[in-house]
Amino acid sequence: MLQIVFRSQLTRLLSYTDIQRLCLVAARKNRKAGVTGFMVECGGVFLTAIEGETRDVDETFDRINRDTRHDHMEVVYSENGLERRRFGAWSMNVMFLDDDAFWQAVFGSGFSCDELLSNRALEPAFALGLLAMAYQYACVQAKMAPYPPSTKPGRIPRIGHMFRR
């Protein structure tokens, strides 16, 4: 199984609602492709993980890369040969990192999403850690198992599972 983690930036800012719609479209396409994933957003910058069978993830990543709504695509981390999905609860979901409750619950005070917004290279360990903590937080809030026992593609999220302030 292949996982690709990448950062990208919107070419124009979108509202929460528009980003939620974008996520739902991605979730439906990913589900058809057998791909699961999770993304976080802050100030128009996304950090996204997609995972699944190598061919499916490569095709999905190529589709995403051609999408003109974002640019500055940067692969932060890629791993082939995963034993299981790390972000398998949803075919795609989004968490908005301007959610103060998330930062307080996970890191305590004094943290923000500034690291994600900078143009410098993003450390793979930081990116995976941030995604993993946001994903775990989202699963707890949605009362969902983070690692579903099923081999079926992840679920389509409900708007209530897209956490924001």
**Fill in**
Scanning segment 1-60 for residues that are of a type in the set (S, T, N, Q) and either assigned to a helix (DSSP H, G or I) or at positive phi (or both) gives Thr17, Gln20, Asn30, Thr54, Thr60
**Fill in**
(1) acidic (Asp, Glu); (2) surrounded by 15 or more Cβ atoms within 10 Å (Cβ to Cβ); (3) more than 16 Å from Ala134 (Cβ to Cβ) all hold for Glu41 apart from (3)
**Complete:** Note on segment 43-79: residues under 12 Å from the mean Cα position of the chain (by Cα) and closer than 22 Å to Leu14 by Cβ are Val45, Phe46, Leu47, Thr48, Ala49, Ile50
**Prompt:** Can we say Glu51 is over 21 Å from Asp98 (Cβ atoms) and modelled with pLDDT of 95 or more?
**Reply:** yes
**Prompt:** Can you tell me which residues in segment 76-103 are in contact with a strand residue (DSSP E or B) (Cβ under 6 Å, 6 or more places away or on another chain), exposed (fewer than 14 other Cβ atoms within 10 Å of the Cβ) and of a type in the set (A, V, I, L, M)?
**Reply:** Leu82
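The values are calculated or read from the model by the stated rules, or taken from the named source; none is laboratory data. Quick caveat: nothing in here was measured; it's all calculated off a predicted structure. Quick reminder, even Gly has a Cβ in these numbers, built from the backbone with ideal geometry, and neighbours come from all protein chains shown.
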